Amino acid sequence: MKNVDELPNNVKWIEVAGKDKLATKNFVPGNSVYGEHLQKSSNSEFRIWDPYRSKLAASIINGLNDIPFTDGSNILYLGSSTGTTPSHVSDIVGKSGLLFCIEISSRVARDFIDNVVSFRNNIVPIIADARNIDSYTSIFRNIDSVYCDISQPDQTDIAINNCKEFITSGSKLLLVIKSRSIDTTKEPETIYEQEMDKLESNGFEINQMVNLHPFDKDHALVMATLK
Amino acid sequence: MTNKALLTEAGIIIINDKFEVVQSLRFKPDSEISFYSQIKNANVPDVVKTFLDNLSHEFSDSLEVNDQSLLEILSKIYPDKNFIYKTIDSSNLFPLFVQSGFFSSEEEISNFLQKFSIEYSKQQIRDVSGQEDLQIIEGINSLDELDKAINILMARINEWYGLHFPELENLVKDSNEYFKFVSLGLNRSSITEKDLVSFSFSEKKLDAIFSAAQDSKGGEINSKDLSIISILSENVINLVKVRDKMLNYINDLMNNVAPNLSAIAGPTIGARLIAKSGGLMKLAKLPSSTIQVLGAEKALFRSLKSGSRPPKHGIIFQHDKVHSSPKWQRGKIARSLASKIAIAARIDVFRGSKEIDIEHSLDERYREIQEKYASPVANRNNYSKKKHKKLRRSMNEKRRRTS
Ligand SMILES: C[S@@+](CC[C@H](N)C(=O)[O-])C[C@H]1O[C@@H](n2cnc3c(N)ncnc32)[C@H](O)[C@@H]1O
C-alpha cells in the first residue's frame, strides 16, 4: 500500500482500529451515504472511503498521485450511478466547488437524487446519455476535470468527446477502464494499452495508469491531460 | 454574418455574431421546466410559436441553432431557410442572461440553473418511474390475450369458411395468406385469376385452387354470409398487425427498463416474469428457486399437498434453452437460467445499465450442462423428502409475506 504524495484538502488517512483508512471530510456531518463508517478526527467528521465500493478510492490506495480534484473544483462526472464515489468527490470539492453528474438511467438517478443530491447542494444531477452532449442541461461552470466511469464499450470515445466539449488544454481526465465491458476475449493489459493509445491519438498525454487489483478485477484507472 | 438562436433553461435568446442580444423570450418564471421540456419534446407552446413566427427579420437565409429540437421546430416554420446546428460555450451564457434581462446577477443565475437541473431531473424520473413496469405488465398481458383471441378467431374462421370451401386450408398453408383469401369474401364458384393477383401463387397452385373450387365438397353460401366472414377475417389480420406492434413495444420497453433481464430471458419471457411477480423490483427480490417455478404455482401447491414431485420450471420453460433441451437436462438448465435471471433483475434494478457480457455466462453454463449430461443418467433426480420439507417451508414463508 502506497500513500499518495499529496492528498487534496478534504482527504486524509485516519487510523481506525489500528489500521490506516482513507476518508473524506463529511460535507453533511452526521450523514452516511452507503453505510460507510463515520469517524471524528481533529474536530471534523470524516467518512471512511471504501476502496471495494469506490474505484477512485481504490486507485488512490494503489498509488494514484496528484488527484486533480480539490476544494473548489468544478467537475464533470460521467456515470454517477447511485452516488457512492460522487458523494466522496462532493466532500472533496466542498461548498465552493460543483459536481455535474451525468447518468443515463433514471432508476439509479432517482436513488442518487433522494439519497445524495438532496443533502448536498454542490451536486447538479443531469439525466442524459453521455454520448449526447446536446441533451445536457447547461453545464454552467468552467469544468476543471472530467471523471468517467460508465462501463460502455465506447466509453473512451465518450470521455474524449466530453473533454473536447468541456475542458481546456492542461485539464485532466480520470478514466476508469473496465476491460470486460470493452472486449471479453482480450487480455485486460492489452485493452488498457489500446484505450491509452486512443487517448494519445486524440490529443491527451497519459500521466499514470493504476491497476485496481485487488479491489476490482480487470479494472484500471487512467489519468490523462488534454494537451 | 450569421445570427444565433439559443435555447436556454430560462428562455430563447437570439444573438448576432458579436454576441449582442437582438431578441429574447423569457419563459414564464416558475414554469420554465414546462416550457423547456415541451420544446425538447418538439411541442411548441403558443407564446413560443408567436415569438418564433415573428423572427423572420432577424436572419436573412441562415441561422445557427444550439439545440436540435429547436432547430427542427424552426425548420418547420421556415422550410426554405437554412439552419445550422452549433453549440456555444456555456461560459458565454451568463453575460447573455444578464444582457437579455433574464437575471441580474451571476449568483442568481447559478442558483436558478442548479435548481432547474434538479427539478428537471426529477421530472424526467417522474415521467418514467414506477410507470414503466406497469406498462410492461399491461403490454405483456395484452400480448397474451391477443394471441388467445387471434387463435380462437382463426379457428372459428377456418371452420366457418371451411363449410363453403374446406379444401382451401390444405392448399393455402400460410395463415396470413389464408386469412387474406377469406377476407376477399369470394364465392368459390366464381373465383377468377384476377381476384388472386395480389397473392404470389404459382401457376400450379392457382390451377389446384381452381380445380378444388370446382370439385369442392363444401356447401353453398350466400353473399351476406361471405361478407360477415370477410369482415371478421380482415379484423383478425389487423389484430395480427396489432400483435406485432405490441411485441415491438414490449421489446423496446424491456430493453430500456430491464436490459439485463432481456438479454438473459428474452424480452417477452422477462416481461411475463415481471408481470407474474408484480414488478421488476419484486422480481429482483425473489430467490431464484421461486423464479424457477413462477407461473407453475398450481403444480407447486399440488405437489406440496400431495408430496408429489415439484415442478422444475414455470414460465421459464418457454425459454428455448429449456424446452428444446432433452428432458433430463431441463431441470438443471432451468435452475441455472433462474439464477442468472435473479442476478440480471437485480442488476437492472440497482445499476440500470446493460452488463456487456451477461449472456456469455449463461451460454457457458448451458454448454457445460450439455456436455456433462449428454446422455440420461439412471437414478437421477433423486427427489428427497428433506428437500420437499425445505421447499414447503419456503413457500409458506412466501405466502405469508405476500398476503
Ligand atoms: C460502474 S457504474 C458507476 C459507478 C460510480 N462511478 C461509482 O463509483 O459510484 C456505471 C454507470 O454509468 C451509467 N451509464 C452507462 N452508460 C451511460 C451513458 N451512455 N451515459 C451516462 N451514463 C451511463 C450506468 O447507468 C451506471 O450507473
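So if I check each of A:Tyr192, A:Tyr136, which one is within 12 Å of chain B (Cβ to nearest Cβ) and over 27 Å from B:Ala345 (Cβ atoms)?
Working: A:Tyr192 fails: within 12 Å of chain B (Cβ to nearest Cβ).
Criteria check complete, one pass: A:Tyr136.
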* Asked: Taking the range A:161-178 only, how many residues are within 13 Å of chain B (Cβ to nearest Cβ) and more than 13 Å from the ligand (Cβ to nearest atom)?
  -> 5
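Where residues in the range A:151-181 are among the hydroxyl-bearing types (Ser, Thr, Tyr) and under 16 Å from the mean Cα position of the chain (by Cα), which of them is nearest to A:Asp218 (Cα to Cα)? Steps first, answer last, please.
Start the filter on the range A:151-181 by keeping residues that are among the hydroxyl-bearing types (Ser, Thr, Tyr), which leaves A:151, A:156, A:168-169, A:171, A:179, A:181.
Imposing the further condition that a residue be under 16 Å from the mean Cα position of the chain (by Cα) reduces the set to A:151, A:156, A:171.
Values: A:Ser151: 12, A:Thr156: 16, A:Ser171: 27 Å.
Residue satisfying both the conditions and the ranking: A:Ser151.
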* **Flag if A:Val33 is within 22 Å of A:Val108 (Cα to Cα), part of a loop (DSSP other than H, G, I, E, B) and more than 9 Å from the ligand (Cβ to nearest atom)** => yes
* If we keep just the residues of the range A:84-101 that are among the small types (Gly, Ala, Ser) and away from the ligand (no atom under 16 Å from the Cβ), which is farthest from the other protein chains (Cβ to nearest Cβ)? -> A:Gly94
* **Matching entry among A:Ser81, A:Ser59 (being within 14 Å of the ligand (Cβ to nearest atom) and buried (at least 24 other Cβ atoms within 10 Å of the Cβ))** => A:Ser59
* Asked: Of the residues that make up the range A:162-175, is at least one at pLDDT below 95 and touching a Pro at 6+ places or on another chain (Cβ under 8 Å)?
  -> no
* Structure fact -> Residue hits (the range B:74-99; crowded, with 17+ Cβ neighbours inside 10 Å and within 11 Å of chain A (Cβ to nearest Cβ)) are B:Ser90, B:Leu93, B:Phe94, B:Phe97
* Of all residues in the range B:125-182, how many are closer than 30 Å to B:Asp215 by Cβ and surrounded by 12 or more Cβ atoms within 10 Å (Cβ to Cβ)? -> 24
* Any chance you could count how many residues in the range B:301-327 are surrounded by 15 or more Cβ atoms within 10 Å (Cβ to Cβ) and modelled with pLDDT of 75 or more? => 9
* Single residue of the range A:136-160 satisfying the filter (more than 9 Å from the ligand (Cβ to nearest atom) and closer than 21 Å to B:Lys354 by Cα) that is surrounded by the most Cβ atoms within 10 Å (Cβ to Cβ) -> A:Ala159
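Being closer than 27 Å to A:Phe100 by Cβ, out of contact with any strand residue (DSSP E or B) (no Cβ under 8 Å at 6 or more places or on another chain), of a type outside the set (D, E, K, R) and buried (at least 22 other Cβ atoms within 10 Å of the Cβ): is that true of A:Phe46 here? Show your work before the answer.
Working: closer than 27 Å to A:Phe100 by Cβ: yes; out of contact with any strand residue (DSSP E or B) (no Cβ under 8 Å at 6 or more places or on another chain): no; of a type outside the set (D, E, K, R): yes; buried (at least 22 other Cβ atoms within 10 Å of the Cβ): yes.
The answer is no for A:Phe46.
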* Asked: Restricting attention to the range A:110-123, does a residue exist that is crowded, with 19+ Cβ neighbours inside 10 Å, within 14 Å of chain B (Cβ to nearest Cβ), in contact (Cβ under 8 Å) with a residue 40 or more places away in the chain and within 12 Å of the ligand (Cβ to nearest atom)?
  -> yes
* Conditions (1) assigned to a helix (DSSP H, G or I); (2) at pLDDT 90 or above; (3) of a type outside the set (A, V, I, L, M): number failed by B:Lys217 -> (1)
* Asked: When you look at B:Phe102, is it among the hydrophobic types (A, V, I, L, M, F, W, C), within 12 Å of chain A (Cβ to nearest Cβ) and surrounded by 14 or more Cβ atoms within 10 Å (Cβ to Cβ), yes or no?
  -> no
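Kindly establish whether A:Pro51 is in a loop (DSSP other than H, G, I, E, B) and either in contact (Cβ under 8 Å) with a residue 60 or more places away in the chain or crowded, with 23+ Cβ neighbours inside 10 Å (or both).
Values: in a loop (DSSP other than H, G, I, E, B): yes; either in contact (Cβ under 8 Å) with a residue 60 or more places away in the chain or crowded, with 23+ Cβ neighbours inside 10 Å (or both): yes.
Spelling it out, A:Pro51 is indeed in a loop (DSSP other than H, G, I, E, B) and either in contact (Cβ under 8 Å) with a residue 60 or more places away in the chain or crowded, with 23+ Cβ neighbours inside 10 Å (or both).
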* Filter result (in contact (Cβ under 8 Å) with a residue 40 or more places away in the chain and either more than 11 Å from every other protein chain (Cβ to nearest Cβ) or acidic (Asp, Glu) (or both)) within the range A:139-154 -> A:Asp144, A:Ser145, A:Val146, A:Tyr147, A:Cys148, A:Asp149
* Structure fact -> Contact list, first residue from the range A:209-227 and within 17 Å of A:Ser169 (Cα to Cα), second anywhere and hydrophobic (A, V, I, L, M, F, W, C) and part of a strand (DSSP E or B), beta-carbon distance below 6 Å, six or more apart or interchain, is A:Met223/A:Leu174; A:Ala224/A:Leu173; A:Ala224/A:Phe204; A:Ala224/A:Ile206; A:Leu226/A:Phe204
* Can you name every residue in the range B:105-134 that is facing another protein chain (nearest Cβ under 7 Å), assigned to a helix (DSSP H, G or I) and closer than 23 Å to A:Arg110 by Cβ? -> B:Leu113, B:Gln114, B:Phe116, B:Ser117, B:Ile118, B:Tyr120, B:Ser121, B:Lys122, B:Gln124, B:Ile125, B:Val128
* To do: Could you tell me whether any residue of the range B:53-61 is within 11 Å of another protein chain (Cβ to nearest Cβ) and surrounded by 13 or more Cβ atoms within 10 Å (Cβ to Cβ)?
  => no
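Answer with yes or no whether A:Thr185 is within 14 Å of chain B (Cβ to nearest Cβ) and not hydrophobic (A, V, I, L, M, F, W, C). Spell out how you get there, then give the answer.
Details: within 14 Å of chain B (Cβ to nearest Cβ): yes; not hydrophobic (A, V, I, L, M, F, W, C): yes.
For A:Thr185, the condition - within 14 Å of chain B (Cβ to nearest Cβ) and not hydrophobic (A, V, I, L, M, F, W, C) - is met.
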* Residues being closer than 22 Å to A:Asn74 by Cα, out of contact with any Phe, Trp or Tyr (no Cβ under 8 Å at 6 or more places or on another chain) and of a type outside the set (S, T, N, Q) - total across the range B:95-115 -> 3
* To do: For the range B:227-300, please list each of the helices (runs of 4 or more DSSP H) lying entirely inside it that holds at least 3 residues being over 14 Å from the mean Cα position of the chain (by Cα) and either within 14 Å of another protein chain (Cβ to nearest Cβ) or surrounded by fewer than 18 Cβ atoms within 10 Å (Cβ to Cβ) (or both).
  => B:280-285
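On the given criteria, is A:Ile104 surrounded by fewer than 18 Cβ atoms within 10 Å (Cβ to Cβ), within 13 Å of the ligand (Cβ to nearest atom), closer than 26 Å to B:Ile125 by Cβ and not hydroxyl-bearing (Ser, Thr, Tyr)? I'd like the intermediate steps shown before the answer.
Values: surrounded by fewer than 18 Cβ atoms within 10 Å (Cβ to Cβ): no; within 13 Å of the ligand (Cβ to nearest atom): yes; closer than 26 Å to B:Ile125 by Cβ: yes; not hydroxyl-bearing (Ser, Thr, Tyr): yes.
Criteria not met by A:Ile104.
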* If you go through the range A:90-98 one residue at a time, do you hit one that is surrounded by fewer than 17 Cβ atoms within 10 Å (Cβ to Cβ) and not in a helix (DSSP H, G or I)? -> yes
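Determine, yes or no, whether B:Val48 is more than 14 Å from every other protein chain (Cβ to nearest Cβ), outside any helix (DSSP H, G or I) and in contact (Cβ under 8 Å) with a residue 24 or more places away in the chain.
Numbers: more than 14 Å from every other protein chain (Cβ to nearest Cβ): yes; outside any helix (DSSP H, G or I): no; in contact (Cβ under 8 Å) with a residue 24 or more places away in the chain: yes.
Spelling it out, it is not the case that B:Val48 is more than 14 Å from every other protein chain (Cβ to nearest Cβ), outside any helix (DSSP H, G or I) and in contact (Cβ under 8 Å) with a residue 24 or more places away in the chain.
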* Structure fact -> All-but-one check, A:Ser59 against (1) modelled with pLDDT of 95 or more; (2) closer than 28 Å to A:Glu165 by Cβ; (3) touching a Phe, Trp or Tyr at 6+ places or on another chain (Cβ under 8 Å), failing number (3)
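The values are calculated or read from the model by the stated rules, or taken from the named source; none is laboratory data. All values derive from a computational prediction rather than experimental measurement. For neighbour counting, all protein chains shown are included, and Cβ atoms are generated from backbone atoms with ideal geometry for every residue, glycine included.
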